[in-house]
Amino acid sequence: MSSSDLTAQPPLIDKFGRQVTYLRLSVTDRCDLRCTYCMAERMTFLPRADLLTLEELDRVAGAFIARGVRKIRLTGGEPFVRRDIAKLYTALGRYHDHGLEELTMTTNATLLAQHAGGLVAAGVKRLNVSLDSRDPETFETITRRGDLDKVLGGIEAGLEAGLKIKLNTVVMKGRNTDELPDLIAWAHELGMDITLIEVMPLGDTDEDRFDQYVPLPMVRDQLEAKWTLQDEARTDQLGGPSAYVRVKETGGRIGFITPLTNNFCAGCNRVRVTCTGRIYMCLGQDDHIDLRAILRASPDDDAPLHAALDRALGAKPERHEFAINRRGQAPSLARHMSMTGG
Ligand code: SAM
Ligand code: SF4
């Protein structure tokens with residue numbers, strides 16, 4: 001594995017004064033599930049040769065850390081379906097001695113049981129796990145193929161290994177709305193916070209977004225009829241899109257990610273790099289810069305890579321432009337979340 005140049009470089013500050021300290025790095029577009037809000041039933045995945053190699057992913061991570069990035073989240077697709085993923089998280093773990101404060105991951109947890117120990121050894125402390133239902137049938141309908149027991153086993157193994165887990169739950173009209181209080185109570189009993197996410201219009205998934213979308217303020221009202229929700233100051237979530245409440249009765253927290261009913265862009269501190277090396281400055285915009293060609297054209301010199309990061313930051317837009325369109329209209333962005341890295 002190549003050792004990236006960690007010489008301190010100028011921080012990544014965009015023209016709105018926001019510093020990028022958080023990188024979401026996608027390691028694959030593939031997945032063992034086909035969640036109905038994320039993918040179509042039949043997906044065409046990228047040829048493996050198009051993906052960044054482990055060495056290239058490592059080099060990108062190193063360049064961002066040299067520019068002041070303190071948190072890296074590996075994502076996808078499903079990161080654990082990439083065959084050499086253990087090698088990657090183990091290698092990235094060494095950056096904890098070079099300025100990286102947090103290495104983390106977002107996963108569907110189907111393969112978490114076999115990685116929990118390795119993640120802890122690499123210095124990973126927290127994970128986000130996506131779980132939309134604890135009902136086996138609903139889970140299978142939403143994921144089109146998922147085995148709930150494997151996911152619950154993965155969560156259990158992660159918690160036993162000492163990982164702190166936060167759940168991500170996409171709220172889907174008529175699918176999991178009734179179940180949310182039970183899911184939240186269960187998560188809190190196990191010491192897990194849970195973030196509820198509004199469906200975002202990313203990519204065609206064979207379903208109409210209009211049929212999936214529930215505004216989260218409505219969900220909050222329903223939860224408030226059952227529990228006392230206390231708004232939390234956003235101190236530990238600086239730059240994050242979640243607004244948190246603490247449930248007085250359970251002691252646990254619920255986050256709300258509402259890209260459609262609220263815009264969360266003002267404090268944005270992140271960029272995304274896809275598994276093919278495209279840097280997207282905003283999840284909700286199509287502008288990107290291709291880092292792969294630059295990496296491959298200059299294998300021993302990071303200067304062109306840093307120049308590309310500067311160009312990317314110069315083009316970071318002020319805000320996303322998501323919209324759920326009228327029934328029948330195309331989604332706002334053709335790109336799937338699994339491409340950009342959720
Ligand atoms: N496979 C992993 C997982 O599911 O956690 C990581 C990648 S997945 C694309 C990351 C997150 O994006 C998941 O929490 C998923 O629920 C969310 N997601 C995917 N498509 C979405 C959409 N259209 N709207 C809102 N959230 C979405
Ligand atoms: Fe796979 Fe995650 Fe997308 Fe579901 S949300 S299809 S688990 S990448």
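Counting 0.36 nm for each residue step from residue 303 to residue 250 and taking away their Cα separation leaves a gain of 14.0 nm.
According to a simple spin-label model (label point 7 Å from Cα along Cα-to-Cβ), what is the distance in nm between residue 120 and residue 296? Label-label distance for residue 296 and residue 120, simple model: 4.0 nm.
Neighbour counts of C-beta atoms inside 10 Å place 242, 26, 133 in the sequence 242, 133, 26, starting with the fewest.
Binning the C-alpha pair distances of the range 97-159 at 10 Å intervals from 0 yields a P(r) profile of 22, 46, 23, 8, 1 %, listed from the shortest bin outward.
Given the Cα-Cα distance of residue 102 and residue 45 and 0.36 nm per residue of separation, how much length would full extension add, in nm? Write down the numbers at each step before the final one.
Numbers: separation 57, 0.36 × 57 = 20.52 nm, distance 2.94 nm.
Contour length minus Cα-Cα distance gives 17.6 nm.
Under 12 Å of direct C-alpha separation, and excluding same-chain neighbours fewer than eight residues apart, residue 15 reaches these aspartates and glutamates: 310, 318.
First measure r as the distance between the Cβ atoms of residue 189 and residue 220, then evaluate 1/(1 + (r/R0)^6) with R0 = 22 Å and state the FRET efficiency to the nearest 0.05. Once rounded, the FRET efficiency stands at 0.60. Think of each Lys and Arg Cβ as +1 and each Asp and Glu Cβ as -1; about the Cα centre, that makes the dipole of the range 22-340 roughly 580 debye.
Using the alpha-carbon centroid of each, what span in Å lies between the range 1-73 and the range 108-177? Cα centroid of the range 1-73 versus Cα centroid of the range 108-177: 22 Å apart. Distances between placed amide hydrogens fall under 5 Å for residue 105 paired with 74, 128, all partners being 5 or more residues away or on another chain.
Using the Cα coordinates of the range 22-340, the gyration tensor eigenvalues translate into equivalent-ellipsoid semi-axes of 30, 22, 20 Å, sorted from longest to shortest. When the scattering of the range 7-95 is computed by the Debye formula from its Cα atoms alone, each counted once and equally, what is log10 I(q)/I(0) at q = 0.15, 0.17, 0.18 Å⁻¹? Treating every Cα as an identical point scatterer, log10 I(q)/I(0) equals -0.67, -0.80, -0.87. Can you list, bin by bin at 5 Å, the percent of alpha carbon pairs in the range 50-150, starting at 0? Computed distribution, short to long bins: 2, 12, 22, 21, 17, 11, 7, 5, 2, 0.
Summary value for the range 22-340: 20 percent relative contact order, contacts being C-alpha pairs under 8 angstrom separated by 6+ residues. Within straight-line reach of residue 164, meaning a Cα separation under 23 Å, sit the following lysines at least 8 residues removed in sequence or on another chain: 71, 87, 125, 150, 248. At an R0 of 45 angstrom, the distance between the Cβ atoms of residue 87 and residue 204 translates into a FRET efficiency of 0.85.
A short reminder: the numbers here are calculations on the coordinates, not readings from a lab. The structure presented is a predicted model; accordingly, all values stated were derived computationally and were not measured. Note: ideal-geometry Cβ built from the backbone for every residue, glycine included; neighbour counts use all protein chains shown.
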